[in-house]
Amino acid sequence: MIIKETLTSIVLVGVLALGTIGCSKSEGEKASAPKPVASVPTWGTGTGVATGDMNGDGRLDAVVVSYVGNLTANVYLNENLGNGQYKTRKIGSVPTWGTGAGVATGDMNGDGRLDAVVVSYVGNLTANVYELLNNGDGTFSPRE
Ligand SMILES: [Ca+2]
Ligand SMILES: [Ca+2]
């Protein structure tokens, strides 16, 4: 009889503990809901992001590619202002069918400045890769 009551108590404590954990997790998720640090225009498909110090100020910036309709994906530089805020501006565009776009950063031409490399689906089972070369003055030029 004592064993049965003990087992019942253990099960009840376990159920209560699980319930408590469940409630804590739910409340924790609400408290940590992400807030956007930047926004760019998009049609909702074909987006990607990469980080890199694109302007040489020592802070990582966010480069975003985003499908904006009309068979075009725009590339945006979100400059990290260092206070949790970003200054967003368009640095280029590439052709796309609107899905399967991505971006990476790297010094593609060896001049010491990070460039943006963009891949986008262009139809006919093909994705093209484009380079937006960092001119060092805040502008970027597509490699020709
Ligand atoms: Ca930077
Ligand atoms: Ca470069």
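What follows draws every value from the coordinates through simple rules; no lab data is involved. As the structure is a computational prediction, the values presented were derived from the model and not from experiment. Because the Cβ atoms are built from the backbone with ideal geometry, glycine has one as well, and the counts that use them run over all protein chains shown.
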Do any residues in the stretch 113-128 that are assigned to a loop (DSSP other than H, G, I, E, B) have Cβ atoms under 8 Å from those of residues that are of a type in the set (Gly, Ala, Ser) and more than 10 Å from ligand 2 (Cβ to nearest atom), where the two are at least six apart or on different chains, and which pairs are they? Arg113/Gly56; Leu114/Gly52
So which pairs qualify, if the first residue must be in the stretch 50-67 and in contact (Cβ under 8 Å) with a residue 60 or more places away in the chain, the second must be more than 8 Å from ligand 1 (Cβ to nearest atom) and of a type in the set (Gly, Ala, Ser), the Cβ gap must be under 7 Å, and the two must be at least 6 apart or on different chains? Ala50/Ala104; Asn55/Gly138
Selected residue [of a type in the set (Gly, Ala, Ser) and farther than 24 Å from Pro34 by Cβ] from Ser93, Ser66: Ser93
Let me confirm something: among Gly92, Gly84, Gly106, which residue is within 16 Å of ligand 2 (Cβ to nearest atom), within 20 Å of the chain's Cα centre (by Cα), farther than 20 Å from Trp43 by Cβ and of a type outside the set (A, V, I, L, M, F, W, C)? Gly106
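So how many residues does the stretch 87-115 have that are small (Gly, Ala, Ser), out of contact with any Ser or Thr (no Cβ under 6 Å at 6 or more places or on another chain) and under 24 Å from Gly56 (Cα atoms)? Don't jump to the end; show me each part of the working.
Filtering the stretch 87-115 down to residues small (Gly, Ala, Ser) leaves 92-93, 98, 100-102, 104, 106, 110, 112.
So of that shortlist, the ones also out of contact with any Ser or Thr (no Cβ under 6 Å at 6 or more places or on another chain) come out as 92, 100, 102, 104, 106, 110, 112.
Right, trim to under 24 Å from Gly56 (Cα atoms) and you get 92, 102, 104, 106, 110, 112.
Final tally of qualifying residues: 6.
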